[in-house]
Amino acid sequence: MRRVIPILIILISFSTSLFSQDYLGSWTSYLPYNSAYKIAIVNNKIFCSTNGGLFYYDDSDNSLNKFSKENGLSDSDISTIAYSKTNDVLIIAYANANLDLVYGNTIFNLPDIKRKAILGDKNIYSVYFLNDKAYLACGFGIVVIDLLKKEIKETYYIGLNGEQIKVNTVSSNDEFIFAGTDEGLFYADLNSANLIDFNNWYKHTKFSNSNDIISSLAAENGTVFLVWRSTSAGEDSIYYNRNGSWEPYPYFQRSIIQSIACNNARLVVCSRYDLDVINETGQVVKHMYVGNPACANYDDNDVMWIADKAVGLIKNPGGGEKINLVPEGPAGLSIAGMTFSKGKLLGVAGGTTASWNNLFSIAELYEYENKDWTNWRNDSIKDLIAVKIDPLDNDHYFAASWGYGLLEFRNGELQNVFKGEPSSLQTVIPGNYYRLGGLDFDREGNLWIANGGTAKPLSVYKTNGEWKSFDIASAVNAPNMADIIVTENNHKWIILQGGKGLFVFDDKNTIENEDDDEWKKLSIVDRNGGVITNEVYSIAEDRDGNIWVGTNQGPVIYYSPYRVFSESNFYAQQIIIPRNDGSGFGDPLLGTESITSIKVDGANRKWLGTAGGGVYLVSDDGLDEIHEFNTENSPLLSNTITDIEIDDKTGEVFFGTESGIISYIGDATLPDDVFSDVYVFPNPVREDYFGDIVISGLIENTFVKVTDLNGNIVFETTSLGGQALWDGFNYAGDRVATGVYLVFCTSEDGLLTTVTKLLFIH
């Protein structure tokens, strides 16, 4: 079934400033745009598909504009794009075989291929337009779309006996339609009445090896060019067909060719590191070193546009001039861990395998502050998995690596890499392998580090620059440590990897004195002593001091965790959600989900990220589900959540996923201690505004009452953390009349009050 989506902001008027306006319930993606693969020139707009998503450059006003699920696209992770000038349609194909057809300011979604049960490769590799049809080169064959009816017309299975075959590219001349596949070149009579019948498709057998890969096709004025990849020689050649036979193209030979395109009797060839333009007489009229070009072509003004795998979109007006055009964003896509403090978001790329072995991902750290991104990368360091900001200095932070030690940064610059002396960190195996599972600061600014698998698996880096480690390996009795948190009462809760449960350590605020230290290894058991599970993935302390633990069977809670050392039967509790079917039974909250991340918002509600089910927001006690976000019902980039962070001042919730960072503006902020900066936004509320009115700067559980100037109450509520919301309607369900309204705010104990004014225009 087709889905028609009006684009909320018409393409011709897109601007980045429109997307920077944050409002309750809005989404913003933070993606890398530096690795570009495909361009589509749409009049004066150059669309560019990258590893992070889609953006376009408007050559008429020099603006860069992001185009994503937040403003109308049906999916993320784009596989290819193409534009038909004849039909004025931009086709966007996604890695899951979903399709968007963009006509002006309307998107037609065609999910048919995505939903169809096809075994094997469903990817869409390229798009070719002919007359009023689009031919999709797919991993199983060719799909034809009728662009007038906006529907799939036919599917061609062109392999031997009608079998599936991977098609990389499609093109045609006046006589034949050609399909470049992983098993050679196929062709059929363009005017055949039945191209669905595989018997009408033939394989070209006159190349030296007819089973080699045909990676790219391009055609103009009856001449067809193809890229032939020799699997035996490991190099590419170009062939052309002008009078019915294929001949080697003598003017160009390169080892690897990324793409070819035809434009005004010119052949544009992107090879591994450079770009060539060859005219119809075989003369190379342009040769330029680019870096890593994926594709290129000219616009109607004869300006060259290049999608480069390393630096994004390049504009080449002529000569040697090159202009790099890339929206702001992190340098990479994958997020292993994040942290947020005082307006600064940090993310690291890396992680480990499921069995806690190295991925050997190059170390990258992304910093976002004041709407600007700064990126750091070091090829000699691998697998960053966690990052924390010094609570005493927001420009001072540390990143933990899995095998490469502890990295210390100040003002965006790497200051130290701690491995062995002078630190107390230890190598897991003889040599130089310092494996750190997590880190956190205590109230004094000391940094605690989980260095599992060693004789002294817990270390602390003190504010005075001294180091100390603790000889607790026999008590831990687990091969590895994962995340660590320091609670308000200064206990250190540590996740033990591999189904080993939890470990709690208390130094009694006397780091140097080990005689009073206490510790305890915990199996996650219920009140009857039965093990619930020991597979733990995440941990957090809520605003009441309770410890929430994310397991492979949903979240469990430790109430009054200060009792951990004093009670022998220290048990966890699952949150049981009543079935409400008359049976009297209930089920554990998210009992079938692995909880990979837990974050507590300003109203003490819990954001729960999962390993494949998206993200959930539940009430402070977990009994009520407030939001469920996944890739089907929201712009969420992936259902696999790696980390969650919250800006407690604005309510913005950042979700780290395997497909990048995206945020959601939530309705809860951290409460203030006094009414020092209460304000209402927007103010005035104009006649064309129908969103929530936000009252911010409140104390926790503030009672809010809105009245008219005559004292008539039109609305009342209790704040969520530090802010309250009003939809602008009165108790009768009517939008209130134009006028000035008073907003009375009273603390829960009634001792503190404040009042502010709001102008409402109806």
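Worth a mention:
- Checking E658 against (1) surrounded by fewer than 21 Cβ atoms within 10 Å (Cβ to Cβ); (2) in contact with a Pro (Cβ under 7 Å, 6 or more places away or on another chain); (3) closer than 30 Å to T642 by Cβ, the condition it does not meet: (2)
- Of everything in the stretch 606-624 that is surrounded by fewer than 16 Cβ atoms within 10 Å (Cβ to Cβ) and over 14 Å from G666 (Cβ atoms), the residue that is nearest to the chain's Cα centre (by Cα) is G612.
- In the stretch 239-280, counting only strands (runs of 3 or more DSSP E) that sit wholly within it, the ones holding 1 or more residues that are touching a Leu at 6+ places or on another chain (Cβ under 8 Å) and among the small types (G, A, S) span 257-263.
- Restricting the stretch 427-440 to residues that are crowded, with 20+ Cβ neighbours inside 10 Å and assigned to a loop (DSSP other than H, G, I, E, B), the residue that is nearest to the chain's Cα centre (by Cα): G437
- Failed item, numbered, when A193 is tested on (1) under 42 Å from the mean Cα position of the chain (by Cα); (2) over 18 Å from V127 (Cα atoms); (3) of a type in the set (A, V, I, L, M): (1)
- Taking the stretch 574-608 as the range and being within 20 Å of G499 (Cβ to Cβ) and either aromatic (F, W, Y) or assigned to a strand (DSSP E or B) (or both) as the test, the residues that pass are Q574, P588, I595, T596, S597, I598.
- Here the condition is being at positive phi, of a type outside the set (S, T, N, Q) and at pLDDT 95 or above; of G351, G337, G343, it holds for G343 alone.
- Filtered residues of the stretch 441-455 (kept if buried (at least 16 other Cβ atoms within 10 Å of the Cβ) and either part of a helix (DSSP H, G or I) or in contact with a helix residue (DSSP H, G or I) (Cβ under 8 Å, 6 or more places away or on another chain) (or both)): G452, T454
- Being surrounded by fewer than 22 Cβ atoms within 10 Å (Cβ to Cβ), aliphatic (A, V, I, L, M) and assigned to a strand (DSSP E or B) is true of V417.
Here's the yes/no breakdown for (1) under 29 Å from G452 (Cβ atoms); (2) in contact with a Ser or Thr (Cβ under 9 Å, 6 or more places away or on another chain); (3) of a type in the set (G, A, S):
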| residue | (1), (2), (3) |
| --- | --- |
| N316 | no, no, no |
| L333 | yes, yes, no |
| G337 | yes, yes, yes |
| G351 | yes, yes, yes |
| A354 | yes, no, yes |
| A386 | yes, yes, yes |
| D393 | yes, no, no |
| F398 | yes, no, no |
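- Qualifying positions in the stretch 301-340 - of a type in the set (D, E, K, R) and under 22 Å from T80 (Cβ atoms): D308, K309, K315
- Within the stretch 670-684, being over 22 Å from V653 (Cβ atoms) and in contact with a Leu (Cβ under 7 Å, 6 or more places away or on another chain) holds for V674, F675, V678, V680, N683, P684.
- Long-range neighbours under 6 Å by Cβ, at least six apart or interchain, first residue on the phi < 0 side of the Ramachandran plot and at pLDDT 95 or above within the stretch 485-503, second assigned to a strand (DSSP E or B) and not hydrophobic (A, V, I, L, M, F, W, C): I485/D440; V486/D440; V486/K492; T487/E541; H491/D506; I495/D483; F503/K521
- Condition broken by G312, with the remaining ones in (1) without any contact (Cβ under 8 Å) to a residue 60 or more places away in the chain; (2) surrounded by 18 or more Cβ atoms within 10 Å (Cβ to Cβ); (3) out of contact with any Pro (no Cβ under 7 Å at 6 or more places or on another chain) satisfied: (1)
- All positions within the stretch 328-357 that are without any contact (Cβ under 8 Å) to a residue 60 or more places away in the chain and part of a loop (DSSP other than H, G, I, E, B): E328, K342, T353, A354, S355, N357
- The lone exception for L325 - which of (1) farther than 30 Å from G453 by Cβ; (2) surrounded by fewer than 19 Cβ atoms within 10 Å (Cβ to Cβ); (3) at pLDDT 95 or above it fails: (2)
- Against the test of being surrounded by fewer than 16 Cβ atoms within 10 Å (Cβ to Cβ) and modelled with pLDDT under 95, the options N630, N569 yield a single qualifying residue, N569.
- Where strands (runs of 3 or more DSSP E) fall wholly inside the stretch 456-550, the ranges with 2 or more residues that are in the same structural domain as G609 (by TED's automatic domain parsing) are 536-541.
- When the strands (runs of 3 or more DSSP E) confined to the stretch 152-216 are screened for residues that are assigned by TED's automatic domain parsing to the domain that holds P248 and free of Cβ contacts under 8 Å to residues at least 24 places away in the same chain, those reaching at least 2 such residues are found at 184-189, 201-203.
The values are calculated or read from the model by the stated rules, or taken from the named source; none is laboratory data. This one's a predicted model, so the numbers in the text were calculated from it and none came from an experiment. Note that we place each Cβ from the backbone using ideal geometry, even for glycine, and neighbour counts take in every protein chain shown.
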